[in-house]
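What follows is calculated from the coordinates using simple rules that are stated; it is not laboratory data. Keep in mind the model is a prediction, meaning the values are calculated, not measured. A quick note on method: Cβ atoms are made from the backbone with ideal geometry, for glycine too, and the neighbour counts reach across all protein chains shown.
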Amino acid sequence: MTTIDYSVWDHIEVSDDEDDTHPNIDTPSLFRWRHQARVDRMEAFQKKGEDLEKSLSEVKKKLSEAQRKVKQLEGASTEQAKKELEVAKTEEKQLRKEERSWEKKLDEHRREEKKMPWNVDTLSKEGFSKSVLNVKPEVKEETEEEKEQKHKTFVEKYEKQIKHFGMLRRWDDSQKYLSDNPHLVCEETANYLVIMCIDLEVEEKHALMEQVAHQTIVMQFILELAKSLKVDPRGCFRQFFSKIKTADQQYQDAFNDELESFKERVRGRAKIRIEKAMKEYEEEERKKRLGPGGLDPVEVYETLPLEMQKCFDEKDIQMLQEAISKMDPTEAKYHMKRCVDSGLWVPNSQTGEDGEKEEEKEVKEEEPQYEEVKTGDAQ
């Protein structure tokens, strides 16, 4: 049978021992003084050990550098290099000696530490040196490309579920649906709902937009709550619903104010998108109207003299010829060239490859021939 070695308890230093105190001595003060003196001795002893370890570490570092230098200089042929090698070897030898000396001192210090009597500060150890909180770890910030790809992948997978959540009306229904589908509690869902709101407003589905806007703010409030608590939003959405269902008027007003503000932003964004789409449509139509010379017939028509505009309005070629005959030849040539380039009128096809020369001739002769006058686009 193995016996217990009780000798380890032979040297215990206890300051709170009343047997050797005189009745006239302030015992509590004596205990405090003794304890403080012991703590000071322990701290000094510990610091000595730390200094020894630090000195040994520095010597080892210097020795490593000296050894590296010796290896580099070995095999050197020049006299200077040989001298440096001798110096390096001498330094290495000295550092080895210092290393052994510091190791010996550190061993002696450790032996002294084992011989030290135990006391209340060494007998008891703290059970825990730190507290661990279940806090959401720091996440590396994603690039715009990564965010876009993440959003695209998420939407492709859960678009149907996000739309379903966007159409829910009751608090309890929303909470239950998120409980069944906690993966929806994230930034990607909120972002998709925002886009969905703008799309509905552009399509003039105003009532549906307001419904989805409500669910968008629900999701954004949950995300903000998670951010303030520094937890995963999937773990706190129930807190939001519990709070909103039992909230005071001030909290409810804050939610409603944010909802109204969001709907206004959606309307503004939808208006900008519609205006942009109209501009793109107008530009596309303008490009379709461009004549063979790349000019817009509408723009050309608006720059023509009133007499020429009237000719196109009346679709009267004879009137156009008379108007041109009364104009300065240079001005007439300028306007006729723009009319051709915009497709407002087409010169007689008989001009062929010498079209420009014939055109100039027509201007000079003030008797242009027309195959067709186009006025439809200019109206």
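A few remarks follow.
- Overall dimensions of region 216-262 by Cα: Rg and Dmax, Å: 10.5, 28
- If you bin all the Cα-Cα distances of region 157-256 at 10 Å, starting from zero, the percentages per bin are 15, 50, 30, 5.
- Fewest-first ordering of T303, T216 by other beta carbons within 10 Å of each residue's beta carbon gives T303, T216.
- Extension gain (nm, one decimal) between E50 and Q94, 0.36 nm per residue minus Cα-Cα: 13.5 nm
- Phi to ³J(HN,Hα) by Karplus 6.51 cos²θ - 1.76 cosθ + 1.60 over region 308-323, Hz, x for Gly, Pro: 6, 4, 4, 4, 5, 4, 7, 6, 10, 5, 4, 5, 5, 5, 5, 5
- Close amide H partners of L344, meaning residues 5 or more places away or on another chain with modelled amide H under 5 Å apart, do not exist here.
- Difference of contour (0.36 nm per residue) and Cα-Cα distance, E58 to Q36: 4.6 nm
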